[in-house]
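Accompanying notes for the structure given below.
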Amino acid sequence: MARIHFVCKRGCNVSPRDSKNGIYDSGNWDISLDDARRLIGGYLYLHERKQERSYFGGIVQAVEAVRIDGVAHVDRVRFVIQSTTNGKDVKWDGHAHARAWTSGVLE
């Protein structure tokens, strides 16, 4: 099952879509739409820092292409996530160098 970790401080890229049912948006991430689509049905985890366990996570329900003007990479991705309890308190996995803000897609 595919999974990805992101550094996302203070939940800045998280907003409720249907909080009653635990559905949230997380975006706008600078990854390819093809990589994002590989994550549908897999897990997304958000961390304050790579050294800390995830504070939010869940199953990726859908991905949406978004365009953000005024940034270096204008084509971005928004994830629609079903929040789950086992999406929290997960250790970072994947790319861990000092400048990494994502683990990359992990299988």
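If you check 38, 99, 49, 78 for being surrounded by fewer than 15 Cβ atoms within 10 Å (Cβ to Cβ), under 14 Å from the mean Cα position of the chain (by Cα) and not hydroxyl-bearing (Ser, Thr, Tyr), only one passes: 49.
Taking each residue of the stretch 80-103 that is in contact (Cβ under 8 Å) with a residue 60 or more places away in the chain and looking for partners that are surrounded by fewer than 17 Cβ atoms within 10 Å (Cβ to Cβ) and among the hydrophobic types (A, V, I, L, M, F, W, C) with beta-carbon atoms closer than 7 Å, six or more apart or interchain, yields 80/23; 80/62; 82/23; 93/106; 94/106; 101/7. Considering only residues in the stretch 11-35 that are under 21 Å from residue 107 (Cβ atoms) and touching a residue at least 60 places away in the same chain (Cβ under 8 Å), the one that is farthest from the chain's Cα centre (by Cα) turns out to be 35.
Every read-out reported here was derived from the displayed coordinates using simple, explicitly stated rules and does not represent laboratory data. These numbers were taken from a predicted model, which means no experiment stands behind them. Here the Cβ is made from the backbone with ideal geometry for all residues, glycine too, and neighbour counts use every protein chain on show.
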